[in-house]
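First up is the structure itself, then whatever we jot down about it.
Only the coordinates and a few stated rules stand behind these numbers; no lab work does. What you see is a predicted model; the values in this text were computed from it and never measured. Positions of Cβ are generated from backbone atoms using ideal geometry, with glycine treated the same way; all protein chains shown enter the neighbour counts.
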Amino acid sequence: MKSNNPSFDIVVVGAGIAGLYLAYELEKAGQKVLLIESSDRVGGTWLSKAYQNSIYEFGPNTLMNHSEILLRLIHELGLENELLQSELKKSKRYLYQHSRLKEVPANPAAFLFSDILSLQSKLSIFLEPFSKPKSTNYEETVYEFISRKFSPEIATNLVGPALQGIWAGDIKRLSAKAALPKLYELDQCHGSIIKGLFQNKAKAKIPLASINFKQGLEFLCHKLADKITHIKLNCKIKNINCDLNNYQIVMDDEIIEAKKIVIATKAFQAADLIKNLDADLASQLNQIYYAPIALIAFTIKKNLFKETESKLFDAFGMISAQQAHFTLGTIFASQVFPERNLEDEYLFVSFVGGCKNSQILDFQSKDLWSICLTEHKEIFDQYAIKKLDFADFSFVDSTIIPKAIPQYNLGHQEIISTVEDHLAFLDNLFLVGNYLSGVSVPDTLKRCEEIKMDIMDRARSFV
Ligand SMILES: Cc1cc2nc3c(=O)[nH]c(=O)nc-3n(C[C@H](O)[C@H](O)[C@H](O)COP(=O)(O)OP(=O)(O)OC[C@H]3O[C@@H](n4cnc5c(N)ncnc54)[C@H](O)[C@@H]3O)c2cc1C
């Protein structure tokens, strides 16, 4: 008997970029789609905030322009004129090391002339093609992989801080194969990362750049949401059931039916939704650990810095190699794009915490602000016209994301392969999200695109 419940071809759960993208694409392909979101807004992790006539991000700060899916989307939505771009080789990045902000060279060869690495580590770059092979069947951590290929110093002082900036993770726990798949593959195919890099050096069609929008990254999510016919916010899903041909999404006040369901949430949130459908799958998803991150926005007056340092902050930001720091890195938010410049202040967004400092979860926001002040005073003092006071820094905003970034630690690929095995038995249920096949937005969109193709193939073969 046909039920009177609202019915859709596909229900997508979670209106972050993944859910929005899939809902938009599937509707465009002729499916009747409903996008369900538990909070009162779309965008998920993407959160753009205004400060005076500038904008800062409490989520991804910029995206790389190498994702064809992203570029196609921007073109299709007619957003080219809204774009901000900062060419990668023109935007400085710093490493805070040995009490100084040191510019990170834009290419591997330039490291030979920088004082970031010792002579021994510089030599290890030349000697990398002759490094010891990995013992078979042993899953290396990033620390072990980079130490074996280059040197422990490169692992600790360069790759560690860089990955801290992406994963908020610990290189002694992250799996090299899962967290650095491209470098790992180059080594597997060519026996050397350096040889592989040279042989694979394809000329990029357009210069690599960081991109954002005049109104902030979240703008893209709103533009996608505008194109989706059926979106429900503030939805609390109590249960998902499955009978012969349909899923029932049970909420407080209604039941919605769907032929297919896509769950576009974080792993532990997906686990909660599917625990009645497949408890083992839920328990696999619950094994994925997420690093906590606190984000703190603050400003400091430009005239507190020496005139000789007037170009210092014309950069993307810095990452900290100081082991004792809670600060992972700081984005120079008002300086990444000229359109975001403020008249007499610099605006920063600092990333604090991560895997190694998970005690931030117990801190109050005033404790986090105090850590941020102490560490940034230490970093900035030497460039200022006088010793900085805490009163020279102005607090703007802060937030803690208790489960921010999924960690591709040792064993992650095994978990994901078990997850995929379970999914093969759950007809018409799909998972997308950055815990599956890459943590970045371009990787997440790539997975969404694959799932879209799979869904459309099934829809066509059904007809
Ligand atoms: C601080 C930070 C900085 C980052 N910086 C970058 C960067 O610079 N570049 C980059 O490429 N990537 C970056 N990332 C990663 C990037 O943000 C993610 O890859 C991407 O946003 C993931 O999007 P998503 O849609 O899969 O998940 P999310 O953004 O987490 O969205 C999931 C959505 O599902 C909703 N939801 C959860 N449970 C339910 C439920 N039961 N019912 C309904 N809805 C539910 C949530 O409310 C949320 O809206 C960063 C991540 C963080 C946290």
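Structure summary
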quantity: Amide H contacts under 5 Å for Ile231, placed H, 5+ residues apart; calculated: Leu35
quantity: Two-site label geometry, Thr399 and Met64: point separation in nm, points 7 Å out along Cα→Cβ; calculated: 2.5
quantity: Check: the range 360-463 dipole with +1 on Lys, Arg Cβ and -1 on Asp, Glu Cβ, in debye; calculated: 240
quantity: Dipole axis of the range 286-419 (+1 Lys, Arg; -1 Asp, Glu on Cβ), positive-most option in Cys355, Phe298, Ile415; calculated: Ile415
quantity: Estimated vicinal HN-Hα couplings, Hz - the range 99-115 in sequence order (Karplus 6.51, -1.76, 1.60; Gly, Pro = x); calculated: 6, 9, 8, 10, 5, 7, x, 6, 9, x, 4, 5, 4, 4, 9, 9, 9
quantity: Gain on full stretching of the segment that runs from Ala384 to Asn241 - 0.36 nm per residue minus C-alpha separation; calculated: 45.3 nm
quantity: Under 14 Å, Cβ to Cβ, from Phe8 - net charge with Lys/Arg +1 and Asp/Glu -1; calculated: 0
quantity: Charge dipole (the chain, unit charges on Cβ, about Cα centre) - positive-most of Trp167, Asn137, Phe393; calculated: Asn137
quantity: From phi via Karplus (6.51, -1.76, 1.60), per-residue ³J(HN,Hα) for the range 175-191 in Hz, x at Gly/Pro; calculated: 7, 4, 5, 8, 8, 10, x, 6, 5, 4, 5, 4, 5, 5, 7, 10, x
quantity: Net lengthening on full extension, Ile166/Ser310 (0.36 nm per residue, minus Cα-Cα); calculated: 49.0 nm
quantity: Contour minus Cα-Cα distance for Ile255 and Leu197 (0.36 nm per residue); calculated: 15.6 nm
quantity: The range 109-199 - charge dipole about Cα centre, Lys and Arg +1 at Cβ, Asp and Glu -1, debye rounded to 20; calculated: 140
quantity: Simple spin-label estimate for Ser461 and Asp9 in nanometres, 7 Å along Cα-Cβ; calculated: 1.7
quantity: Mean-position separation - Cα centroids, the range 49-113 and the range 131-152, in angstrom; calculated: 30
quantity: Prolate/oblate/rounded call for the range 109-199, Cα gyration tensor, a/c under 1.5 rounded; calculated: oblate
quantity: Straight-distance crosslink candidates among lysines, where the alpha carbon sits under 27 Å from Lys132 and sequence neighbours closer than 8 are dropped; calculated: Lys122, Lys149, Lys172, Lys177, Lys182, Lys195, Lys201
quantity: His98-Ser358 FRET efficiency (beta carbon distance; Förster radius 30 Å; 0.05 resolution); calculated: 0.70
quantity: Estimated distance in nm for a label pair at Lys132 and Arg72, the labels positioned 7 Å out from Cα along Cα-to-Cβ; calculated: 4.6
quantity: MRE, 222 nm, helices only [DSSP H, n ≥ 4, -39500 (n - 2.57), over the chain, to nearest 500]; calculated: -9000 deg cm²/dmol
quantity: For the chain, share of DSSP beta bridges that run antiparallel, in % to the nearest 5; calculated: 75
quantity: Listed residue (Ser151, Ser118, Ile194) projecting farthest to the positive dipole end of the range 109-199, Cβ model; calculated: Ile194
quantity: Spin-label zone in the range 328-370 - amide nitrogen under 16 Å from a point set 7 Å from the Cα of Gln52 along the C-beta vector; calculated: 332-349
quantity: Electrostatic dipole magnitude of the chain [Cβ: Lys, Arg +1; Asp, Glu -1; Cα centre; debye, to 20]; calculated: 1020
quantity: FRET efficiency for Ala109 and Ala279, using Cβ-Cβ distance with R0 set to 60 Å, rounded to 0.05; calculated: 0.70
quantity: Per DSSP, loop GluC sites (Glu not before Pro) in the range 1-67 with at most 11 further Cβ within 10 Å; calculated: none
quantity: Efficiency of FRET between Lys227 and Ser370 - r from beta-carbon atoms, R0 35 angstrom, step 0.05; calculated: 0.20
quantity: Environment charge at Met453 (Cβ cut-off 15 Å; Lys +1, Arg +1, Asp -1, Glu -1); calculated: +2
quantity: Nearest-ten-degree value, helix 365-380 long axis tilted from longest Cα axis of the chain; calculated: 40
quantity: Sum of side-chain charges, Ile116 neighbourhood, beta-carbon under 13 Å (Lys, Arg +1; Asp, Glu -1); calculated: +1
